[in-house]
Amino acid sequence: MHWSSSGSFHGQRTTDHTNNNNLSENAHLSRSISPDKRHTILSHRRHIPADPFLDDESLSSVPSPSSPRQGRIFPVSGERRKLPLILMSFVILGMASIYISREAVINTAVQVHIMEQMQLRVGGKVRDTAKELYAMQREADALMKLIQPEEPSNGVANSVKSFRAMHDMKVLETKVTREKAQVSQLIQKIKSTSLIEVRKKYGHDPIKVGMELLFPDAADGPTHFIIELVPAELLPHTVLTFLDMVSSGLLNGCSFILNAQHAIKAAPIPYDGSSAIAKAEAFTKAGLDGVVFREYSHLYPHKKNTVGFAVDGSPAFYINTADNRDIHDDEPCFGVITSGFDTIKRLDAMPTRNNIWHM
C-alpha cells in the first residue's frame, strides 16, 4: 500500500504566492496614498461581494487584509507536523501485523507437525491391526478345517473337535468384529486429519503436480507432463501421501521400471545407479513408504491417462495407458494427466526387455 500528499497543499502554495504579489502591491500603494485614503480603499476591498461565477481557486487567491501572511501558512505547517504521527502509526501497525503473522505461521507449523506425528502413530496402529486381522483370518481358516474333518470314521473325536472349533470360531468372530470397528474409526481419523493437512500445506482444489523426465536416449522430444489430483475430499489420505512424496523431494531421481498390462510403473529405484536400499529407507523414515489403507472413489476409475498407487506395500505408482478398470478396480486412483500426453506416448514407446526397462 502507498500513500500520497493531498492536492490541497499545492493549492495553498499557489495561494501564498498570490498573497505575496498582492501584499507587494498594497505596500506600494501605502507609500503613494495618505493613511485616510488608504483606510478607505482597504475597507472598500474588505466589503467586495464574492462573484458567484468565480471558481474556488480564484476565491482563495483574493487576499484578506484582516488575516496576516503568517496565518495563511499556518494550516500547511500543521499538516506537516501531522505527517510524522501518521508515519509512526503506519510503522506500529506494520510491526504488529508482522508479529501476528509470524505467530500464526509458527502455530500452524506446530499444528501440522502434531498432525503428522499423530498420523504416523495412527497409521502404525492401522498396520498392526491389519496384521492381527490377517492372523485371525488364518486362524479362522484353520478352525474351519477342524469343523469339517477329513476322517469321518472317528465320529466321537471329530465331534468334540468340531464343538471346540465352533466355540473358538465364535470367540474369534467377536474379536474380529471388535478389531474391524477399531480399524474403521482409525481410518476415519486418518482421513479427517489428512484433509486438514492438505488444506494447510497445499491449499484448495484443483492441485496440480508437474513432472520432468530424463530419457536415456538424450534425444530431443517432450519431457514434461502435469497431473491434476482428484478432489482431496474423496481420497484425502492418498492425495496427502503423494503430495508429501513430491514436496519432500523423495520422488526426485526415481525411475519408471515396468511397462506391462497397459500401465507404466514408477518405483523408488534411483536412475543414477545409487543405492535402492537407501532410497527405500528414506521413504520409510519419512513415513511415506506407501498408503496405510486403500481409498477408492467410483467417480475416478482407472481410465486411460490416470495415475494410481500400487497396493504392494511400496511407494510405487503407475500411469494407466489404457482403460484398466477391470484390473485395478479397488486401488487408489488419485490423479488425471491433463497435459503432456506426447511425453506419456514417448515413455510408452521406449524399448523394454520382458516389459522391463534396463538402465
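Rule-based calculations on the coordinates, nothing more; no lab input. Because the structure is predicted, anything quoted here is derived from the model rather than measured. Positions of Cβ are backbone-derived with ideal geometry, glycine not excepted, and every protein chain shown enters the neighbour counts.
So the values come out like this:
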read-out: Over 20 Å between alpha carbons, listed pairs LYS303/LYS345; LYS208/LYS304; LYS265/LYS285; LYS208/LYS303; LYS201/LYS279; LYS265/LYS303; value: LYS265/LYS285; LYS201/LYS279
read-out: Net lengthening on full extension, ASP326/ALA280 (0.36 nm per residue, minus Cα-Cα); value: 13.6 nm
read-out: Nitroxide proxy distance, nm - points 7 Å out along Cα→Cβ at ILE86 and ASP342; value: 5.6
